[in-house]
Amino acid sequence: MQTFAFSRATRIDQAIQAGTRASTAQQGAEVRFVAGGTTLIDLMKLDVEHPAQVIDINHLPLGEVEQTSDGGLKIGALVRNADLAVHPQVQQHYAVLGEALLSGASGQLRNMATTGGNLLQRTRCVYFRDTACACNKREPGSGCAAIGGYNRNLAILGVSKHCIASNPSDMNVALAALEAIVVIRGARGERQVPINEFFLLPGDTPQRETVLEPGDLITHVLLPRPLDGARSHYLKLRDRASYEFALASAAVVVHTENRRIVQARVAMGGIGTRPWRSPEAEHVLAGQAPSPALFDRAAQALLANAQPQSQNGFKQELARRCLIQALGTVTA
Ligand code: SF4
């Protein structure tokens, strides 16, 4: 393990100044904020992440969940996954988020992991975590051992010839279906980024996963006011019942009236290089009477551009069934 400088910030502006200053001095790449540390510390031990500077942000005032004036929710970046999952507002109005959080990791990890950190969870591609292997995400230009290698758990949507890693988060899939907004503060001030623009496709720069710039700090996540009358659900399919990442998951938010779907939001996990919101599936569902045949058409629209690899073609059928089941649950 390599040595690194450690500091602690107690004010948001202090954290941003320290991050920006250190990023500039270190040419941008080697500064990390740490809160729960459930991803970062693992990756530092594996020598995948080797920051020169680590800034502890656990003492920043970002640990609250508040209602917004427009009926939405403002979630501090330091709110722990375990606390957010059982927050009364989440349980009552954003069930899909609570279910997604509780399906992730283990109780101990959820007690530590934060909202901001979960947004930045790194892939579980085995080659990314093994420094003896080629990995464009870890070492740009080195190749991708997963293409033609072990890729059973990796993505079939949004892939490139440089990287096929799937986004591992459950929370992010629910946030995509809820049209969350990520609030970021950095050297240029504050900006708000819709979650579907926050995550980048791998393209030819898989090392760049989000729109965050060096020194940027996620401060909050905003949830819009819940859809009136909508029901939501998160369904996760995996190799074992707990403490396992999704092979395919579905986050659905559906508003029905008089047995017609007025509006649907659909996102899937486990199959995309980023949380996979599907306007195509939503278009198929809008205005229609719920039925298994309709849900099947929505799934086919979502999966139309799937590019399975040598070992993960089964995800197409698994994702199809996952979405049909989740939509059936919220429209029953
Ligand atoms: Fe690395 Fe991405 Fe290829 Fe995995 S899929 S080895 S993370 S480049």
Tell me, which residue of segment 202-230 that is within 30 Å of G328 (Cα to Cα) and either modelled with pLDDT of 95 or more or part of a strand (DSSP E or B) (or both) is nearest to the ligand (Cβ to nearest atom)? V221
Out of L154, L120, L175, report the one residue that is under 23 Å from Y243 (Cα atoms), at pLDDT 95 or above, within 12 Å of the chain's Cα centre (by Cα) and within 16 Å of the ligand (Cβ to nearest atom). L120
Out of all the residues in segment 260-284, which are out of contact with any Lys or Arg (no Cβ under 7 Å at 6 or more places or on another chain), surrounded by 22 or more Cβ atoms within 10 Å (Cβ to Cβ) and assigned to a helix (DSSP H, G or I)? A281
On the basis of being closer than 23 Å to V79 by Cβ and surrounded by fewer than 23 Cβ atoms within 10 Å (Cβ to Cβ), does G186 make the cut? yes
What's the number of the condition Q121 fails, among (1) crowded, with 23+ Cβ neighbours inside 10 Å; (2) out of contact with any Cys (no Cβ under 9 Å at 6 or more places or on another chain)? (1)
Please give the number of the condition G287 fails out of (1) buried (at least 22 other Cβ atoms within 10 Å of the Cβ); (2) small (G, A, S); (3) not in a strand (DSSP E or B). (1)
Residues Y234, Y243: which one is in a strand (DSSP E or B), within 22 Å of the chain's Cα centre (by Cα) and among the aromatic types (F, W, Y)? Y234
Does segment 132-144 contain at least one residue that is out of contact with any Cys (no Cβ under 9 Å at 6 or more places or on another chain), closer than 28 Å to G313 by Cβ and away from the ligand (no atom under 11 Å from the Cβ)? yes
When you look at A113, is it of a type in the set (A, V, I, L, M, F, W, C), over 25 Å from C322 (Cβ atoms) and either near the ligand (Cβ under 9 Å from one of its atoms) or touching a residue at least 40 places away in the same chain (Cβ under 8 Å) (or both), yes or no? no
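The values are calculated or read from the model by the stated rules, or taken from the named source; none is laboratory data. In this text the structure is predicted, and so the values were computed from the model without any measurement. We place every Cβ from the backbone using ideal geometry, glycine too, and count neighbours over all the protein chains shown.
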